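Read the figures in this text as sums done on the coordinates, not as results from a lab. These numbers come from a predicted model, not from an experiment. Positions of Cβ are backbone-derived with ideal geometry, glycine not excepted, and every protein chain shown enters the neighbour counts.
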Amino acid sequence: MPELRRDPIVGRWVIIATERGKRPSDFKVDILDTDAKNCPFCPGNEEFTPSEIMAYREKGTLPDKRGWWTRVVPNKFPALRIEGELDRQAVGIYDKMSGIGAHEVIIDSPDHFKTQADLDNHYVEKIIWAYRDRIIDLKKDSRFKYVLIFKNYGQVAGASMSHPHSQLIATPIVPKRVKEELKGSLQYYRYKERCIFCDIIRQEIKTKERVVLESEHFLSFTPYASRFPFEVWIIPKKHKADFSSIASAEVVDLAKILKTTLAKIKNALSNPAYNYILHNIPATLREDLEDYHWHIEIIPKLVNVAGFEWGSGFYINPTSPEDAAMYLRES
């Protein structure tokens, strides 16, 4: 029988409908275009991107030249633009402001064909350090209230370039999805005087049925009320609200568990398209916030969101998180 499950953080209900379920091999696979010809993200083509904002590179090499390991550039077609002021206005009962923000591309590595699942650990570490450094820098701009890091892998997931990369958008408002998490976690904290994320971690480690991987500092697991088949979260086991305070040992550990989790998804699901999102506290909140954890949400693009989901706010997940975790552990 289908089962309704409630997300304990935001209060959203999902339907776990295993009668509609599929094994990993039944999901349609998105084929990624791997043509490297004239790729502006490849070494030697730096002139085809805007000037780099930052890069980790070999000593003695010059900006916007070969020799980089991870490179950050402005998005050539930005959703928001960094120049200008917010200029908030009312239009009758409606509100608007200028499209001020930052939109950057984090090029994972010089290798056009290697995803984070395939890269050596030190490259994944560089990517994580780039995330941290760009968040710290952009938080200094008082116009920006939130910095969202995300990856679109595969055409179905929204990738327009096949060279592996992540993106960053800094916004003048806190996204609604993040506000829902902050509100839900604060309500739980006021009621139980405990962090909801810490409680989730304790229960998942105790039951183990939804755990994909556990390391010294991090837990990779399928959420109890997963919205999508094979949705996976990676979360610090120690209470940490602010990603930008991540320590060196945690970066090394996160690189390993992120790479391995993505490799398991790739192997179990035949290299699917996916999105991942880094949820962090807003720039205006203190880093020692007691009721929130930063975390990474990985969402393979295996099913379509259709009319019922759009109309109701429910999600129908045809694969139980327990089955998904088992498949991933064994892959």
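Some observations on this one:
- Each label point was placed 7 Å from the Cα along the Cα-to-Cβ direction; for Arg177 and Trp310 their separation is 1.7 nm.
- Above-threshold pairs, the threshold being 23 Å between Cα atoms, out of Lys139/Lys192; Lys37/Lys114; Lys114/Lys208: Lys139/Lys192; Lys114/Lys208
- Extension gain for the segment Asn267 to Glu322, taken as residue separation times 0.36 nm less the Cα-Cα distance, is 18.0 nm to one decimal.
- For the stretch 191-298, the Kirkwood hydrodynamic radius comes to 14.5 Å, computed from all pairs of different C-alpha atoms.
- Semi-axis lengths (Å, descending) of the ellipsoid that matches the C-alpha gyration tensor of the stretch 176-226: 22, 13, 10
- The length gained by stretching the chain between Leu86 and Thr61 to full extension, at 0.36 nm per residue less their Cα-Cα distance, is 5.2 nm.
- Taken about its Cα centre, the chain carries a charge dipole of about 400 debye when Lys and Arg each add +1 at the Cβ and Asp and Glu each add -1 at the Cβ.
- The string of couplings for the stretch 196-208 from the Karplus curve (6.51, -1.76, 1.60, θ = phi - 60°) is 4, 5, 4, 5, 4, 4, 4, 5, 5, 5, 5, 7, 6 Hz, one whole number per residue in order, with x for Gly and Pro.
- Convex hull of the stretch 252-331 built on C-alpha atoms - directionally averaged projected area, nm²: 7.7 nm²
- Here is the size of the chain from its Cα atoms: Rg then Dmax, 20.0, 63 Å.
- Within the chain, helix-based [θ] at 222 nm, where runs of 4 or more DSSP H residues each add -39,500 (n - 2.57), nearest 500: -8000 deg cm²/dmol
- Positive-end residue, the chain charge dipole about Cα centroid, Cβ charges, pick of Pro8, Val73, Cys198: Pro8
- 3J(HN,Hα) couplings calculated from phi for the stretch 229-236 with the Karplus curve 6.51 cos²θ - 1.76 cosθ + 1.60 (θ = phi - 60°) are, in sequence order, x, 6, 5, 10, 10, 10, 9, x Hz; Gly and Pro show x.
- Calculated FRET efficiency for the pair Glu209/Ser160, C-beta based, R₀ 45 Å, to 0.05: 0.75
- Burial ranking of peptide ranges 278-287, 173-182 (average Cβ count within 10 Å, highest at the top): 278-287, 173-182
- Note on Tyr191 and Lys37: the model spin-label points, each 7 Å out from Cα along the C-beta direction, lie 5.9 nm apart.
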